[in-house]
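Worksheet for the structure shown next.
Just so it is clear, none of the values below were taken in a lab; they were calculated from the coordinates. Since the structure is predicted, the reported quantities are computational estimates derived from the model, not experimental observations. Note that each Cβ is placed from the backbone with ideal geometry, even for glycine, and that neighbours are counted across all protein chains shown.
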Amino acid sequence: MKFSQAYGVDLSLLAGMKAVTIKPTIEYDSRQHTFSGPLLTDVLDYVGAPGAGSTQVLLHAVDGYAVTTTLDTVRAYRFIVATQMDGKPLLLGGVGLLWAIFDADTIPQLSAKPLKERFELSPWGLYPLQLSET
């Protein structure tokens with residue numbers, strides 16, 4: 001991975017940011033769960049990331065999964081960087097420590113899809129993010 005700038009964000013910084021709560025139905029157990037954490041856009045603003053809607057956002061998971069979306073989509077879906085699920089910290093070895101997630105139940109183009117197809121842009125075990133301007 002090559003980059004020209006990097007920023008570190010830790011759990012205490014995320015905990016100090018305004019938290020948003022969402023309640024999506026997730027694919028793992030087909031049940032609704034409560035997730036909380038700051039908006040991903042707030043985290044990106046904090047580090048001074050590019051703000052153009054066409055900015056590419058590459059989300060990496062600790063298991064090697066990676067997916068690319070745009071900042072416009074991150075804004076439209078209201079991605080959060082979840083640090084808690086159902087009031088408990090996300091754990092490494094489960095779906096944590098961080099999960100880039102959105103409430104697919106409230107997004108018409110996603111809620112119409114089968115549950116297993118709603119979270120392709122939502123890596124758990126989030127680490128790191130890469131941004132590139134097009």
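Quick look at the values:
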quantity: Calculated Kirkwood radius over Cα pairs in Å (choose from (1) 15.0; (2) 16.1; (3) 16.6), label; calculated: (1)
quantity: Loop-located chymotrypsin sites (Phe, Trp or Tyr not before Pro) in the stretch 1-65 whose Cβ has at most 16 other Cβ within 10 Å (DSSP); calculated: Phe3, Tyr7, Tyr28, Tyr65
quantity: Qualifying GluC sites (Glu not before Pro) in the stretch 90-134, DSSP loop, other Cβ atoms within 10 Å at most 14; calculated: Glu120, Glu133
quantity: Full-stretch length increase - Ser132, Gln32 - with 0.36 nm per residue and alpha-carbon distance subtracted; calculated: 32.7 nm
quantity: The stretch 101-134-the stretch 1-48 distance, computed between alpha-carbon centres (Å); calculated: 12
quantity: Taking Met17, Met85 and counting other C-beta atoms within 10 Å, the order from fewest to most; calculated: Met17, Met85
quantity: Exposed-site-free run, longest, the chain (rule: trypsin sites (Lys or Arg not before Pro); DSSP loop; at most 13 other C-beta within 10 Å); calculated: 32-134
